[in-house]
Structures are given as structure tokens and as C-alpha cells.
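Undergrad: Starting off with a structure, shown below.
The values are calculated or read from the model by the stated rules, or taken from the named source; none is laboratory data. Since the structure is predicted, the reported quantities are computational estimates derived from the model, not experimental observations. Cβ: placed from backbone, ideal geometry, glycine included. Neighbour counts: every protein chain shown. What goes into the accessible areas is simple: the full protein's heavy atoms, side chains included, and nothing from ligands, DNA or RNA. Shrake-Rupley method; radii C 1.70, N 1.55, O 1.52, S 1.80 Å.
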Amino acid sequence: MLGIRIRSLSSLITKRVIFNAAEYSKCSYRIPLKVTNDKYSQFKRYSTVSDEKVAEPSKGNIEKKEFQAETRMLLDIVARSLYSDKEVFIRELISNASDALEKFRYLSVSSAPESPKLEGTDRSLEIKLTTDKQNRTLTFEDTGIGMTKDELVKNLGTIARSGSKSFIEEIKKQGSEQANSIIGQFGVGFYSAFMVADKIDVYTRSSIEGSAGYKWSSDGSGTYSIEEVDNVPIGTKIVVYLKTDCREFSDDDTVKNIIMKYSNFIGSPILLNNEQINSIKPLWLMDAKEVTQEQHIEFYRFISNSYDKPRFTLHYKTDAPLSIRSILYVPEGKPGLFELSRDSDVGVALYSRKILIKSKAENILPKWLRFVKGVVDSEDIPLNLSRELLQNSALIAKLRYVLTNRFLKFMVEMASKDPVGYDAFYKDYSLFLKEGIVTGQSPLEKEEIAKLLRFESSKLDTGVKTSLAEYSSRQTNEQKSIYYLAAPSRELAQSSPYYESLKKKDVEVLFCYEMYDELVLLELKEFGGRALVSVENDMQKGPADNTESLIGSDDLQTSQVNDLISYLKTNLSGKVFDVRTTQKLDSHPCVIIVPEMAAARHFIRTQAQNLSDENRFALLRPQLEINAKHPIIKKLHKLLASDKDLANMVSQQLFTNAMVTAGLIVDPRNLITNINDLLVKALEKH
């Protein structure tokens with residue numbers, strides 16, 4: 001944000017805080033370690049920086065200082081590890097200059113009484129680069145906020161962030177290749193210039209009225225000097241004295257190509273030897289039809305600091321209920337581990353009248369949409385919006401509501417227009433959608449997200465997915481529910497005892513293979529007026545079977561069934577809390593029923609490890625339902641009289657098998673010993 005800012009080892013270290021105008025005037029200007037996208041404020045052409053040579057005589061008092069330990073470590077990494085990425089220093093210094101201009105624009109239009117009094121508020125705001133092949137220098141100048149002496153020390157002598165030392169040490173331990181990868185991705189800000197420089201001089205004067213000019217100088221070896229000098233214009237000038245083997249960075253064409261590659265969308269004019277290089281186009285303010293796909297790709301790559309392409313692009317504007325001009329991108333690449341974490345920032349920048357309010361405004365979109373990149377500009381948002389207002393403002397809440405709903409509608413449209421592309425998106429990003437349903441507060445928003453969910457169905461071929469809306473369209477008005485079954489695979493779902501009864505009735509069932517799918521549907525509760533019902537819970541709805549109906553020539557008699565039920569209750573005491581018969585099974589001997597099966601499975605996965613078996617069964621209260629017509633159940637009744645020990649082992653194994661099928665066993669590996677004992681007993685007579 002200042003004339004020099006460590007653009008850093010970045011979002012892995014700190015969260016960037018944007019202050020209101022009052023806070024700007026009080027802050028110590030410590031530099032956040034974050035790659036920012038604060039690049040798009042004023043998009044108009046300004047006059048060029050003056051070509052007048054400025055005398056910079058020293059006033060004598062040169063202070064020698066040592067870099068902070070963390071800074072020396074960072075300089076060491078830069079010197080030893082980043083040779084393949086030398087050109088990024090141009091991008092970083094231009095970005096720092098842009099941040100300095102952004103901050104000056106912000107303060108110059110702020111009406112807060114605590115704002116500092118600034119000089120030269122009518123000056124042209126631009127960035128100027130000058131090459132000098134003969135003297136092997138590259139100079140960067142900006143007319144931005146500038147720095148005071150204290151800011152020079154804090155910004156260029158220290159990394160003002162707790163925990164940064166340990167982070168840098170960890171990068172050093174990982175070796176030069178890993179350091180190159182990490183820092184190359186996130187940038188190293190001002191210090192990146194030491195990759196190519198024998199020496200760097202910085203001339204700066206703060207825009208705050210009455211500020212003196214200063215010169216900062218260092219060769220990156222561990223110390224730097226500061227001295228007061230006269231005739232320094234407001235802003236910052238950086239003179240990079242290039243190493244012999246880096247003389248190509250004093251070549252016009254080389255520098256121009258690098259600017260075009262990295263900084264084409266910087267929100268201020270960039271002049272190279274007095275010729276403007278960058279094309280300054282605020283794409284979100286243009287008509288959507290005027291923006292080419294190539295422009296979108298370049299803009300997306302710039303604001304996201306990535307090299308993939310946007311998968312989907314929403315160019316949206318409206319004047320009611322708020323004035324909104326925005327571009328939102330869905331990345332083509334898969335989400336990284338950092339994006340999957342809820343600690344990751346939402347990647348949308350908030351502007352008001354082309355002036356940056358916050359580069360990563362976490363409340364503009366809900367947290368579950370943190371994978372979306374883009375820019376939002378609203379004239380209704382006040383310029384002096386503080387961090388607290390950003391969290392609590394009714395305007396922000398309304399903006400969030402409008403954008404979220406428009407984005408969801410857009411994704412539903414994409415799912416219809418480009419089903420193949422949407423399926424690829426769903427494979428990579430469905431976890432975020434499910435998070436939105438689980439964490440959301442609005443039933444209407446949850447239902448909108450639910451339109452984007454996809455599942456396999458018992459009525460469709462393997463691999464073909466369907467939406468909840470499509471499922472509903474295939475049902476008759478008499479069917480009031482949407483049925484689903486959670487299972488690790490289609491094979492297990494189709495062979496599940498819970499699916500048997502609905503399969504006989506030819507009722508369509510959605511198959512949920514992902515771990516949290518059933519929790520998502522449990523949280524959703526209904527869709528389109530139809531209740532979402534787990535087939536496992538559906539089995540509990542019918543009344544207990546009348547054992548009289550089980551009597552037949554080959555079946556157990558009522559008294560035999562009652563004896564078997566009584567035996568199972570006794571033998572499985574402490575494990576099952578009821579035993580009854582069921583006619584909903586054909587090929588399975590028994591099944592376990594517990595209230596809210598999905599919640600029970602989640603409990604087993606996350607909290608049951610430290611509970612004893614007795615306490616776990618007491619909480620679950622499983623009910624065993626037996627199929628009295630199944631051969632194993634019939635044989636078990638005979639064993640009660642002929643081999644009580646084998647009957648005990650079979651009944652225990654039947655219960656365990658049912659618990660495994662229900663997904664209620666903490667660790668199935670513990671079952672092997674019991675199975676082997678049963679096999680030994682069963683094979684004694686053979």
C-alpha cells in the first residue's frame with residue numbers, strides 16, 4: 001500500500017487489513033505480507049511524470065542500520081534460491097508503486113476529520129520506469145503516498161509480522177527448489193530486486209504536509225543507510241543498479257515485455273521512457289459484449305495471481321436494488337489445500353466508484369464461495385467504509401445477498417447450457433456447494449444451492465448423475481418424498497438391505513457416495529416441497545410386523561419366532577435395545593435400525609473413538625430387525641437346541657455384520673478374530 005511494500009511470502013503468513021481513513025492517519029504503516037490485487041482504482045489518463053532532473057544533495061547525517069534478522073534471512077533466500085524468477089522483481093516494484101498511488105487516492109478523497117493533510121493533491125498519478133543501458137540501471141518512480149523516515153525503517157528494514165521468522169526458516173529447510181516454488185508463487189515484494197541488484201537506492205518523500213525527503217540505500221548484505229536529502233519530489237523513486245549478468249533488465253524491449261506480461265491491468269498509467277505501456281481498462285465497467293475472452297483470461301490471471309483460465313465468467317451489472325458492476329470468475333484449476341481451508345480469504349475485491357475499499361472483502365460473498373475470484377464495484381458503498389461496517393453494514397448484507405443469488409442463478413444456467421463443463425466443475429468444487437448448505441442460515445439460499453447438487457440414481461446408468469429437480473420431475477404427484485441412500489459405492493448401495501423394499505416397489509433412490517452427502521441432505525430437509533428421506537429412516541416408519549403372517553409350511557412358527565427374538569434380546573443384551581421381525585428384507589437375514597442414521601454415522605466417525613462399547617451402544621440404541629424367512633435365521637433357531645455355543649457365535653456375528661452394513665463400526669479390522677473363531681467352530685465336524 002505504500003511506496004514500498006513487502007509483497008511477500010504472502011497469504012500463507014497474514015491476513016491483510018484495510019483501514020478506514022481515520023485508521024490510515026494513525027497506523028504505523030507496517031507492511032502486510034500479502035500479495036494484493038489493489039490495482040484498479042482510477043481508470044483515466046494522467047499527464048506524464050516530469051522529466052526534470054532532481055538534485056538530491058545529502059544533508060550529511062547518514063545513519064547506518066542493520067536489517068532485522070528475518071529480513072536478512074529473506075534476503076539470503078532471494079540471493080540463493082530465485083535465479084529462475086528474476087523478472088518478477090519488475091512486477092513486484094510496479095505493484096508496490098500502484099499500491100502507493102491507491103493509498104494516495106483513497107486519502108485524497110476521504111472526508112474523515114482524522115485524515116492527514118496532504119500536499120499536491122492535484123498532481124498526476126502515474127508510474128514511470130527509466131532504463132539506462134550504459135550505466136546498467138533501471139529506475140522506478142511513482143507519485144503516490146511516499147514514506148516518512150519511520151516508515152522507511154519499518155517498511156524496508158523489518159518484516160513487521162510475528163511468526164514470519166519461523167515461516168522463513170521452514171522455507172529454508174525445505175531447500176532451494178521448494179523455496180523457489182513457494183516464493184515464486186506468492187512474490188517477495190521489494191526485496192525481490194536484490195536478485196538482480198548490486199545496490200538499490202530509494203528516494204522518497206511523504207505526501208503528508210511538511211514531510212522531509214530521504215534516501216535509503218543498501219547492497220542487500222545485511223545493513224542499510226538512511227539520510228535526509230533536499231529536493232525530493234513527493235512519492236518514491238527506486239534506482240536498481242543491476243548486476244553484470246542481469247544487464248538485460250536495462251533493455252527497453254525486455255522491460256516492456258515484462259510489463260505487458262505481468263502488469264497490463266495496473267490501474268494507473270505505466271510509462272517506460274515516457275511511453276505508456278499498459279492498457280488501462282476496467283473490464284467490469286465495460287459492456288459485457290465488448291470484452292473478449294482473451295481480455296477476461298488476462299484480467300483473471302492478473303487478479304488471481306495464477307496461470308490457469310476462468311472456467312466460467314459472470315459479467316454482471318445492475319442498478320437495483322443496488323448499483324453493482326462486477327466480474328466473477330470460477331477458476332479452471334482445481335482448488336488447492338489452502339483454498340479448501342475455511343481460513344482462506346474470499347478472492348473478491350470491493351471498490352466504490354473505482355476506488356479500492358478492500359482487496360479481499362470476505363463479506364461480499366459467503367465463505368463457501370471463497371473459490372470465486374473477481375471484482376465488485378458499487379457506487380452505493382461509502383468510501384470510508386471501516387472494517388467493522390464491512391462486517392455489519394446492511395448495505396454489505398444486501399450486496400452479498402444480490403451477488404450470491406445472481407451467482408447461483410448463473411451456475412444453474414451453466415449447468416443447463418454446458419452440462420459437460422458443469423460436471424467437471426462439480427467434480428472439483430462440489431465440496432464448497434455442500435459446505436454452503438451445511439453452514440448456511442437461509443432456507444431459500446440452501447434450496448438455490450441444492451439445485452446445483454448431483455447424484456447417481458437407481459433409475460439411471462452407472463456414472464450418470466441427476467439433479468434433485470430432475471428427480472422430482474420424474475415422480476408422480478402421489479410421491480411426496482425424495483429418497484436417498486448413503487453408501488461408499490453403487491455396488492454396495494444396490495446390495496444394501498435398506499434398499500430392498502423400495503427396489504421391490506420400483507421407487508427411484510438417489511445414491512450418495514461422498515462422506516458428507518447424507519449430512520448435507522439431512523441439513524437441507526426438503527427440496528421443491530418434497531421431503532428428503534433416507535431409505536434407512538424410511539424402514540422405521542412401518543409398524544412392527546405381525547408374526548402371524550410369517551407362519552407357513554417352510555417357515556418358522558409364531559412361537560419359534562418369539563423364542564428366537566427372546567434369545568437374541570438376551571444374547572445381545574447391552575448391544576441391541578429391541579429385536580423384531582420385518583418383511584422389508586428378502587436376501588438379507590437382518591438389519592440394524594437407529595434413529596437418524598446419518599447423524600449416528602457422523603458421530604461414529606468423529607466422536608465415538610474414545611467411548612467404550614457399552615457407552616456407544618447406549619447412545620446409538622440400535623434395533624435389530626430379522627428376516628424370519630431367511631435360511632440363516634431358520635438355521636439359527638435349530639442351533640438353539642443343537643449347539644448353543646455356535647448359536648451364540650452366529651447371533652453375535654449377525655449383529656456385527658448388520659452394524660458394518662449400517663456403517664456404525666469404528667474399526668472393522670477388530671472383527672477378524674471373531675470371524676475366525678466362528679469358522680473354527682463351524683468346521684469342527686468337517
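Undergrad: Quickly run through segment 299-328 and pick out the residues that are of a type in the set (A, V, I, L, M, F, W, C) and either open to solvent by 30 Å² or more (accessible area, probe 1.4 Å) or out of contact with any Leu (no Cβ under 9 Å at 6 or more places or on another chain) (or both).
TA: Phe302, Ile303, Ala320
Undergrad: Among (1) touching a strand residue (DSSP E or B) at 6+ places or on another chain (Cβ under 8 Å); (2) free of Cβ contacts under 8 Å to residues at least 40 places away in the same chain; (3) assigned to a helix (DSSP H, G or I), there is one condition Ser473 misses while meeting the rest; what is its number?
TA: All conditions are met except number (1).
Undergrad: All but one of (1) open to solvent by 30 Å² or more (accessible area, probe 1.4 Å); (2) more than 17 Å from Pro331 (Cα to Cα); (3) touching a residue at least 24 places away in the same chain (Cβ under 8 Å) hold for Leu431; which doesn't?
TA: Leu431 satisfies every listed condition except (2).
Undergrad: Okay, moving on. Of everything in segment 634-677, what is farther than 24 Å from Glu500 by Cα and outside any helix (DSSP H, G or I)? Give them in sequence order.
TA: Correct list: Asp643, Val666, Asp667.
Undergrad: Looking at (1) at pLDDT 90 or above; (2) under 23 Å from Glu596 (Cβ atoms); (3) crowded, with 18+ Cβ neighbours inside 10 Å, which is the one condition that is false for Gln560?
TA: Every condition holds for Gln560 apart from (2).
Undergrad: Could you please give the count of residues in segment 570-605 that are part of a loop (DSSP other than H, G, I, E, B) and not acidic (Asp, Glu)?
TA: The qualifying residues number 13.
Undergrad: Would you mention how many residues in segment 169-221 are open to solvent by 10 Å² or more (accessible area, probe 1.4 Å), at positive phi and at pLDDT below 90?
TA: 2
Undergrad: Could you please find all residues in segment 572-597 being open to solvent by 40 Å² or more (accessible area, probe 1.4 Å) and among the polar types (S, T, N, Q)?
TA: Ser573, Gln583, Ser587
Undergrad: Which of the following residues is at pLDDT 85 or above and closer than 25 Å to Ser263 by Cα: Ile327, Ile357, Ile364?
TA: Ile327
Undergrad: Among the residues that make up segment 621-633, is at least one of them modelled with pLDDT under 85, surrounded by fewer than 13 Cβ atoms within 10 Å (Cβ to Cβ) and part of a helix (DSSP H, G or I)?
TA: No, segment 621-633 contains no residue that is modelled with pLDDT under 85, surrounded by fewer than 13 Cβ atoms within 10 Å (Cβ to Cβ) and part of a helix (DSSP H, G or I).
Undergrad: Okay, next question. Those residues that are aliphatic (A, V, I, L, M), modelled with pLDDT under 90 and open to solvent by less than 10 Å² (accessible area, probe 1.4 Å), I need them from segment 263-282; list them, please.
TA: Ile266 - this is the single residue of segment 263-282 that is aliphatic (A, V, I, L, M), modelled with pLDDT under 90 and open to solvent by less than 10 Å² (accessible area, probe 1.4 Å).
Undergrad: Of the residues Leu640, Leu620, Leu664, only one is out of contact with any strand residue (DSSP E or B) (no Cβ under 8 Å at 6 or more places or on another chain), farther than 24 Å from Lys685 by Cβ and in contact (Cβ under 8 Å) with a residue 12 or more places away in the chain; which?
TA: Leu620
Undergrad: For Asp380, which of the numbered conditions (1) part of a loop (DSSP other than H, G, I, E, B); (2) under 20 Å from the mean Cα position of the chain (by Cα); (3) modelled with pLDDT of 80 or more fails to hold?
TA: Among (1) part of a loop (DSSP other than H, G, I, E, B); (2) under 20 Å from the mean Cα position of the chain (by Cα); (3) modelled with pLDDT of 80 or more, the lone unmet condition for Asp380 is (2).
Undergrad: Enumerate the strands (runs of 3 or more DSSP E) found wholly within segment 210-327, keeping only those where 3 or more residues are under 30 Å from Tyr429 (Cβ atoms). Explain how you work it out, then say what you get.
TA: Values: elements: 213-218, 223-229, 235-242, 270-272, 310-318.
In segment 210-327, the matching strands (runs of 3 or more DSSP E) lie at 310-318.
Undergrad: Taking the criterion of being surrounded by fewer than 18 Cβ atoms within 10 Å (Cβ to Cβ) and touching a residue at least 60 places away in the same chain (Cβ under 8 Å), would at least one residue in segment 284-298 satisfy it?
TA: Yes; the residues of segment 284-298 include at least one that is surrounded by fewer than 18 Cβ atoms within 10 Å (Cβ to Cβ) and touching a residue at least 60 places away in the same chain (Cβ under 8 Å).
Undergrad: Among the candidates Leu93, Leu82, Leu74, single out the residue that is buried (at least 20 other Cβ atoms within 10 Å of the Cβ), over 14 Å from Ser206 (Cα atoms), at pLDDT below 75 and out of contact with any Leu (no Cβ under 8 Å at 6 or more places or on another chain). Can you show your working first?
TA: Working: Leu93 fails: at pLDDT below 75; Leu74 fails: out of contact with any Leu (no Cβ under 8 Å at 6 or more places or on another chain).
None of the others qualify; the one that does is Leu82.
Undergrad: Output the residues belonging to segment 276-315 that are small (Gly, Ala, Ser) and touching a His at 6+ places or on another chain (Cβ under 7 Å). Walk me through how you get there before you give the answer.
TA: Step one: list which residues in segment 276-315 are small (Gly, Ala, Ser), which gives 279, 288, 304, 306.
Residue satisfying the conditions is Ala288 alone.
Undergrad: When segment 107-121 is examined, which residues are found to be at pLDDT 70 or above and in contact with a helix residue (DSSP H, G or I) (Cβ under 7 Å, 6 or more places away or on another chain)?
TA: Leu107, Ser110, Glu114, Ser115, Pro116, Leu118, Thr121
Undergrad: Take Leu389 and tell me if it is at pLDDT below 95 and either more than 21 Å from the chain's Cα centre (by Cα) or in a helix (DSSP H, G or I) (or both). Don't jump to the end; show me each part of the working.
TA: Working: at pLDDT below 95: yes; either more than 21 Å from the chain's Cα centre (by Cα) or in a helix (DSSP H, G or I) (or both): yes.
Spelling it out, Leu389 is indeed at pLDDT below 95 and either more than 21 Å from the chain's Cα centre (by Cα) or in a helix (DSSP H, G or I) (or both).
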